[in-house]
Ligand code: AMP
């Protein structure tokens, strides 16, 4: 099962990715976590990306695409859950290309919908370096500008599933389960058919 979790910062992607990872025994891959670990470890990649993360900007596509490319070839034979990638159209296109080469198109993109006010409140309660108010506002703008276009991209690919992310985590998890069940029950039980676009 190859899934993407899409949604604004603070929509609960990390929480749901961890639950899904546990339930299905497949890795949750968070580009944010990987990048922060690189910053912590003071690696060359970490040094390059720190300023972007601190400002709430996206790091350049080529860096995250490389990172995901390596990661997808590691231990994802049984599936994966991507949390925080893709975040731009070029990243989504790069992911499609990578997965097409592996002959394993995405099964679904789960879009966690939460309104901006609720997200601001949630992020204000976290204690991450980039969760200061000015940076939060910027990250939300970046989401609207650069990531929200992926909603219609995946709608066109017929991959998008809308999930009400404003509910408590266990309710969101149940909605995700329903969406996953509906995938298994749809037609041939697999989405591994070529898209016509
Ligand atoms: P997150 O933990 O997903 O909220 O990501 C934290 C920060 O890491 C973002 O604000 C970006 O600076 C960077 N980041 C994470 N994922 C990506 C991505 N797919 N593309 C570009 N930058 C990313």
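FYI, it's all coordinate maths here, none of it is from the lab. Model, not experiment: these values are computed from the prediction. Glycine gets a Cβ as well: all are built from the backbone with ideal geometry, and neighbour counts include every protein chain shown.
Before moving on, here are some points about what is shown:
- For the chain, adding -39500 (n - 2.57) for each run of n ≥ 4 DSSP H residues and dividing by the number of residues yields -16000 deg cm²/dmol at 222 nm.
- Debye intensity ratio I(q)/I(0), log10, the range 80-141, q values 0.12 Å⁻¹ (C-alpha model): -0.45
- With only Cα atoms counted, the range 84-197 has Rg and Dmax values of 16.1, 48 Å.
- For the range 60-116, a Kirkwood radius taken over Cα pairs fed into Stokes-Einstein (20 °C, viscosity 1.002 mPa s) yields D = 174 µm²/s.
- Across the alpha-carbon set of the chain, the Rg to Rh ratio works out to 0.94, Rh being the Kirkwood radius.
- Cβ-based exposure ranking for 70, 127, 138, in which fewest neighbours within 10 Å come first: 127, 70, 138
- Entry note, the chain: relative contact order of 31 percent, from Cα contacts under 8 Å with a spacing of 6+ residues.
- Available extension along the chain between residue 98 and residue 62 is 11.6 nm, counting 0.36 nm per residue and deducting the alpha carbon span.
- What separates the Cα centres of the range 35-51 and the range 81-98 is a distance of 21 Å.
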